[in-house]
Amino acid sequence: MAEHHHHLFHHNKDEENPEKPVDYRKEEKHHKHLEQIGGLGAAAVGAYALHEKHEAKKDPEHAHKHKVEEEIAAAVAVGAGGYAFHERHEKKDAKKQDEEAHGKKHHHLF
């Protein structure tokens, strides 16, 4: 049975043409790049959440607005971190498939 991964943000064009061999190293680099983007996004949004927390203390007149924006930013940061983690898993799968395609075997001793 063929294994199919559902990708939300990118479409693997190689799935349309099954005759063309899949370049797993290229796929691994692609997932590494997306993992790094997810990590950078999580860091950036996390910094924005901290900024909004500071603004809530500094501007008591609009504190509620800043607290809401802080919570939204925190939720987005968690989502971006989850996306980075997902891409790390995809990268590891691509590396494993590349090793299997090139005849490397995993020896589990323990």
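The values are calculated or read from the model by the stated rules, or taken from the named source; none is laboratory data. Values in this document were obtained by computation on a predicted structure and should not be read as measured data. Cβ: placed from backbone, ideal geometry, glycine included. Neighbour counts: every protein chain shown.
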| said: Under 7 Å between Cβ atoms, which residue pairs at least 6 apart in sequence (or on different chains) link something in the range 24-38 that is under 16 Å from residue 100 (Cβ atoms) and part of a helix (DSSP H, G or I) with a partner that is of a type in the set (S, T, N, Q) and modelled with pLDDT under 95? | reply: 24/97
| query | Out of curiosity, is residue 12 modelled with pLDDT under 95, of a type in the set (S, T, N, Q) and more than 17 Å from residue 92 (Cβ to Cβ)? | reply | no
| Restricting attention to the range 47-92, and to residues there that are free of Cβ contacts under 8 Å to residues at least 60 places away in the same chain, among the acidic types (Asp, Glu) and in a helix (DSSP H, G or I), which single residue is surrounded by the fewest Cβ atoms within 10 Å (Cβ to Cβ)? | 61
| said: exposed (fewer than 14 other Cβ atoms within 10 Å of the Cβ) and either under 13 Å from residue 86 (Cα atoms) or at pLDDT 95 or above (or both): is that true of residue 40 in this structure? | reply: yes
